[in-house]
Amino acid sequence: MASVVLPTRSWGSVASDLAGQLSADDELLVVCDAPSNPVADRETPEGARVVVAGGPEGCSGKCNAVAAGMEAADCDRFVWTDDDFDHPEGWLDDLVRAGERHGPVTEIPVFVGDGWWRLFEPTGVAFGSTLVATGDIPWAGGVTFTRDELADGVDALVADLRRSVSDDGILADHLTDLTPLRDRTRRVEVDGSPRAVYHRLVRNLGISYYSDPAGTVQGVVAVSLLAAVAAVSPLVLAPLVTALSAAYYRWLGFDRSTWLLAYPSLLCCPARFAVGLAASEFEWAGRRYRWTGRYEVEVLDR
């Protein structure tokens with residue numbers, strides 16, 4: 001019934017959990033980069049198989065892996081997911097049923113972490129989670145759709161994946177409709193080290209800008225102006241921004257104290273945007289990329 005595409009280099013708890021959730025008609029495609037990856041030679045349970053995508057050329061390793069998984073898939077329905085969050089019992093069946101009812105559906109990620117990420121988390125949640133929650137973009141960590149629901153077919157989607165960085169942004173261009181599942185949020189832990197945070201900020205702003213340049217510039221200007229007003233009116237905006245962040249975290253179903261950092265997180269936004277727009281190189285999953293246009297991606301470190 002469903003082809004589950006899971007990019008990963010090793011067989012971990014997520015692969016095991018998903019293999020255990022397969023029905024008789026489902027398949028799990030564990031997609032790695034190279035035959036040297038630990039998962040490449042692993043014996044898999046029934047319904048699961050390993051696909052070796054090869055190194056990326058002109059795209060991110062993630063996009064390359066998803067493209068290879070799509071080409072290898074046999075089923076009419078696809079499920080894209082990641083190995084960096086928990087997949088509770090029944091996750092796959094529930095997501096597929098939602099797709100059968102509503103058409104293309106996506107879960108909503110909440111990226112949380114310690115270290116320096118705590119400072120950027122409240123605005124990251126406000127921007128990233130809201131884009132998914134409003135149906136503007138799918139989250140490739142938890143999305144399902146069928147072949148017929150792709151506007152231009154599988155081949156066109158695969159071709160675009162192999163010339164971009166963002167599987168989320170590319171999929172958004174190929175789905176004719178999208179329903180966010182606001183009752184299905186997923187906690188995704190991210191690295192809070194200064195280096196990891198820097199590269200995440202650069203990559204995420206690039207994803208937003210190359211998906212919608214005009215909209216991103218308008219958003220950057222609006223949020224930067226809000227940050228400037230907040231800086232000169234702290235007695236008014238600090239409690240307001242903090243209260244709104246607390247309410248949003250509660251709506252998403254996450255009990256974290258990082259909403260208390262919403263005001264300083266907002267003040268950091270202009271610098272955050274400046275870094276993201278000025279930088280064109282970033283590291284992701286052990287590779288370094290230069291991204292200078294929507295379909296202009298150079299893999300610097302293979």
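The values are calculated or read from the model by the stated rules, or taken from the named source; none is laboratory data. Computed from a predicted model, the values in this text were never measured in an experiment. Here Cβ is always computed from backbone atoms with ideal geometry, including for glycine, and neighbour counts include all displayed protein chains. Heavy atoms of the whole protein, side chains included, go into the accessibility calculation; ligands, DNA and RNA do not. Shrake-Rupley method; radii C 1.70, N 1.55, O 1.52, S 1.80 Å.
Observations, loosely collected:
- Test for SER36: is it of a type in the set (Gly, Ala, Ser) and surrounded by fewer than 14 Cβ atoms within 10 Å (Cβ to Cβ): yes
- Evaluation of VAL188 against (1) assigned to a loop (DSSP other than H, G, I, E, B); (2) modelled with pLDDT of 95 or more (one fails), failing number: (1)
- Verdict on VAL220 being of a type in the set (Val, Ile, Thr) and open to solvent by 40 Å² or more (accessible area, probe 1.4 Å): no
- Among the criteria (1) of a type outside the set (Gly, Ala, Ser); (2) open to solvent by less than 50 Å² (accessible area, probe 1.4 Å); (3) over 30 Å from LEU95 (Cα atoms); (4) in a helix (DSSP H, G or I), the one LEU226 does not fulfil is (2).
- Residue in the range 257-279 that is farther than 16 Å from GLY124 by Cβ, open to solvent by less than 40 Å² (accessible area, probe 1.4 Å) and either among the polar types (S, T, N, Q) or not in a helix (DSSP H, G or I) (or both) present: yes
Results for (1) assigned to a loop (DSSP other than H, G, I, E, B); (2) over 22 Å from VAL66 (Cβ atoms); (3) modelled with pLDDT of 95 or more; (4) not aromatic (Phe, Trp, Tyr), shown as yes or no for each residue.
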site	(1), (2), (3), (4)
PRO180	no, no, yes, yes
ARG184	no, no, no, yes
VAL197	no, yes, yes, yes
LEU205	no, no, no, yes
SER208	no, no, no, yes
ALA214	no, yes, no, yes
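- Total residues in the range 160-177 satisfying the condition of being open to solvent by 30 Å² or more (accessible area, probe 1.4 Å) and either assigned to a loop (DSSP other than H, G, I, E, B) or within 16 Å of ASP82 (Cα to Cα) (or both): the figure is 5.
- Filter result for LEU6 (under 19 Å from the mean Cα position of the chain (by Cα) and buried (at least 19 other Cβ atoms within 10 Å of the Cβ)): yes
- Answer from VAL51, VAL79, VAL14 - the residue that is out of contact with any helix residue (DSSP H, G or I) (no Cβ under 8 Å at 6 or more places or on another chain) and of a type in the set (Val, Ile, Thr): VAL14
- Hits in the range 47-86 - residues which are in a loop (DSSP other than H, G, I, E, B) and either within 19 Å of ALA24 (Cα to Cα) or free of Cβ contacts under 8 Å to residues at least 12 places away in the same chain (or both): GLY47, ALA73, ASP74, CYS75, ASP76
- Hits in the range 202-225 (condition: more than 26 Å from VAL14 (Cα to Cα) and touching a strand residue (DSSP E or B) at 6+ places or on another chain (Cβ under 9 Å)): VAL202, GLY206, TYR210
- Number of the exception - ARG118 against (1) more than 25 Å from PHE282 (Cβ to Cβ); (2) in contact with a Leu (Cβ under 9 Å, 6 or more places away or on another chain); (3) at pLDDT 95 or above; (4) not in a strand (DSSP E or B): (1)
- The one condition from (1) closer than 17 Å to ARG118 by Cα; (2) in a helix (DSSP H, G or I); (3) aromatic (Phe, Trp, Tyr) that PHE254 does not meet is (2).
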